[in-house]
């Protein structure tokens, strides 16, 4: 049974290099990173694989990576403690391209959750293809962001239908069971 995602505004973008050879760009909020690397959520598996295979450029700022480190420093629950320690050891700059903090969004867009404003500002400033989040405060801005070329979706919404990108299913199917690669 396949995952079906319906979008009214426009079809999902697929993680394939642009004609210029530039990689597509994504901004991931903290929960999207946790879904992909800590919880290994099935919907986030493809996202993690394309980032780790250098087919998608994840851009982040220092405050974003600091927030991730702060969340990972707190106990998450007994079930996840072993994985949490392994995920804490990851050198995130191996997967995320560290970029300068962008200026606040010139259009004056405000996220209802001030802690998530940094993700919105970077996605708009970098003209990211995707802002990947489960946070409703960001998801509710998806129609407005779509008008300027930024898709705001959850990890499950990002997953492109297999018929749209022949290489993505092969990458996912051929990937070994997910394991952490700590640097």
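The values are calculated or read from the model by the stated rules, or taken from the named source; none is laboratory data. What you are looking at is a predicted structure, and each value in this text was computed from that prediction instead of being measured. So basically every Cβ, Gly included, is an ideal-geometry build from the backbone, and we count neighbours across all protein chains shown.
Would you pick out the residues in the range 118-138 that are out of contact with any helix residue (DSSP H, G or I) (no Cβ under 9 Å at 6 or more places or on another chain) and not in a loop (DSSP other than H, G, I, E, B)? 121, 125, 126, 136, listed by residue number. Buried (at least 20 other Cβ atoms within 10 Å of the Cβ) and in contact (Cβ under 8 Å) with a residue 60 or more places away in the chain: is that true of residue 27 in this structure? The answer is yes for residue 27.
For the structure I just gave you, tell me whether residue 159 is at pLDDT below 90 and within 14 Å of residue 26 (Cα to Cα). For residue 159, the condition - at pLDDT below 90 and within 14 Å of residue 26 (Cα to Cα) - is met. For residue 34, indicate whether it is over 20 Å from residue 124 (Cα atoms), within 11 Å of the chain's Cα centre (by Cα), modelled with pLDDT of 95 or more and surrounded by 15 or more Cβ atoms within 10 Å (Cβ to Cβ). When the stated conditions are applied, residue 34 passes them. Scanning the range 47-86 for residues that are touching a residue at least 60 places away in the same chain (Cβ under 8 Å), part of a helix (DSSP H, G or I) and under 16 Å from the mean Cα position of the chain (by Cα) yields 47, 48, 49, 50, 52. When residue 101 is tested against the conditions (1) in a loop (DSSP other than H, G, I, E, B); (2) over 17 Å from the mean Cα position of the chain (by Cα); (3) surrounded by 13 or more Cβ atoms within 10 Å (Cβ to Cβ); (4) at pLDDT below 95, the lone failure is (4).
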